[in-house]
Amino acid sequence: MLSAHALNVLHCGRQGFPRLLLSRWFNSSHDLICDTSDKGGSPTNVQKRKLDIEGTPMFSSINNCCAQDATNSTHKNLESGSHFHGATVFRPEAPAPPHTGTTMDWRDMLHIARKEHAQGLKNDVLTDQFSRRHTYLRISLTERCNLRCVYCMPPEGVQLTPGGSLLSTSELLRLASLFVEAGVNKIRLTGGEPTVRPDLIELCRHLSMLSGLKTLAMTSNGIKLERQLPELKAAGLNALNISLDTLKAERFEVLTRRKGHDRVIKSIATAVNLGYNPVKVNVVVMRGVNDDEISDFVMLTKDRPINVRFIEYMPFDGNIWRDTKMVTYKEMLERVEQSISRTYSQRKASEECSSSGNTHLPKILMNRLTDPKGEVAKNFKIEGFQGTVSFVTSMTSLFCGDCNRLRLLADGSLKVCLFGANEVSLRDAMRGGASDSDIRLIIGAAVQKKKASHAGMFEIAATANRPMITIGG
């Protein structure tokens, strides 16, 4: 077990999360719809809850510091309004959910690919026209999620793909095998929320046995993860990201429209105790929403093998993106440097000043690490800290030139760029009788269509794409 380490970096005097401020930020009161499906979830009857995390030493004092102030303030704001009209829910399943992307017919792509193959124009399935080799496949296991995060889920909900139109387990394993045979050495399981899939552990067991696969990773919101994690690790899951955008329970409920902050905290602690190194914590930073917690998240890395990854807020269908909501990489980095130098080194500065007469505050070094090929983040190591801090700069500092990622969506669509609208349905190809060789040709043709770079953030915001929940985080 980890040694007890109080999270006293949370500031006791910091105010809770005003609902009115969040309403203005998202420009829609309906973005604030709370969960009313769970017991005690009525927004007019929210009760103060003590976090049940006494058995988790690394987070044992989160309540003792700022949670009470945040709880009092946030409850007043939650209970003061009357425009909460129930839970944000998925729309009922329908025969043909709307699709804002551009689906390329697999038959046309196969026809073109066969001609090019016959002429010897294409050999490596995973290498595009810009010589980028794609060895990293992200697989969305489901469109369902047990949270309703405001930047991921449109306030009106989304229409789920009918179950029969999603990839079956055998289809998913067939495609994964073909990708790995072609050269993919890393697979990340995403959602929706992957832990809501009943056969997740068995699926991991099969995927981890694929010859040539080095990394089997997963991104989870942590709600159901704690109990599953020991079995998942035994099944071959060897890398883990957990999404958490706030260290305050009340703010968590507003951002996700659900309860469960304590479960996520426990999942992070369990992952550390099981030996995941690093445990990556994804934080989507939003101005005026959670950017006041940047320094608090950094302190999670002081004594633990945690990699906090600050992510620039990105535009997707339904999340009402504006550049004013985004905190840039440059600004986040400056804030981290200033706060760490001011808070963590204060004692050291006092000692040095008293002994040498020096009145200047020493600056804690943030060493820039060498990023591996295909890395989307800029990584830093803070002097004296066990963990690391990273910045995912999708909006302000593109990493397209080194991109090695492909995405397989839950409905079987292959998406070669997160922000690209073009897709091809490998599900339809399999169900239409395509052989393994045909599917390899289709994958190669799709990869060849990948552009050198995605558009700028304003163009992306104006371009039709899927909601994030149906793409996969």
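Read the figures in this text as sums done on the coordinates, not as results from a lab. Bear in mind that the values here come from a model prediction, so they are computed numbers and not experimental data. Using ideal geometry, Cβ is built from the backbone for each residue, glycine included, and neighbour counts are taken over all protein chains shown.
State which entries of Lys233/Lys259; Lys330/Lys381; Lys280/Lys325; Lys214/Lys330; Lys233/Lys449; Lys186/Lys248 exceed 28 angstrom in Cα-Cα distance in the structure shown.
Working: Lys233/Lys259 26 Å; Lys330/Lys381 16 Å; Lys280/Lys325 24 Å; Lys214/Lys330 33 Å; Lys233/Lys449 36 Å; Lys186/Lys248 33 Å.
The answer is Lys214/Lys330; Lys233/Lys449; Lys186/Lys248.
Local charge sum around Leu216 (other residues, Cβ-Cβ under 9 Å, Lys/Arg +1, Asp/Glu -1)? The partial results should precede the final answer.
On the way: positive: Lys186, Arg188, Lys214; negative: none.
Here the count lands on +3.
Could you order peptides 171-182, 241-252, 200-211 by the average number of other Cβ atoms within 10 Å of their residues, highest first? Working shown, then result.
Working: 171-182: 19.2, 241-252: 23.4, 200-211: 17.0.
By packing density, highest mean first, the sequence is 241-252, 171-182, 200-211.
Rounded, prolate or oblate: which one fits the range 157-284, using the alpha carbon gyration tensor with axes a ≥ b ≥ c (rounded when a/c is under 1.5, else prolate when a/b beats b/c, else oblate)? Numbers along the way, then the final one.
Numbers: a/c = 2.21, a/b = 1.39, b/c = 1.58.
The shape class here is oblate.
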Would you mind counting up the charge near Arg427? Only other residues with Cβ under 9 Å from its Cβ, with Lys and Arg at +1 and Asp and Glu at -1.
-> -2
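Express in nm, to one decimal, how much length is gained between Asp436 and Gln338 on full extension, taking 0.36 nm for each residue of separation and deducting their alpha carbon distance.
This chain segment gains 29.8 nm when fully extended.
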Derived scalar couplings ³J(HN,Hα) [the range 237-244; Karplus, 6.51 cos²θ - 1.76 cosθ + 1.60; whole Hz; x for Gly, Pro] | 6, 10, 8, 8, 10, 10, 8, 7
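Test of understanding: what is the full-extension gain from Arg144 to Ala234, defined as 0.36 nm times their sequence separation minus their Cα-Cα distance?
Numbers: separation 90, 0.36 × 90 = 32.40 nm, distance 2.49 nm.
Stretched fully, the Arg144-Ala234 segment lengthens by 29.9 nm.
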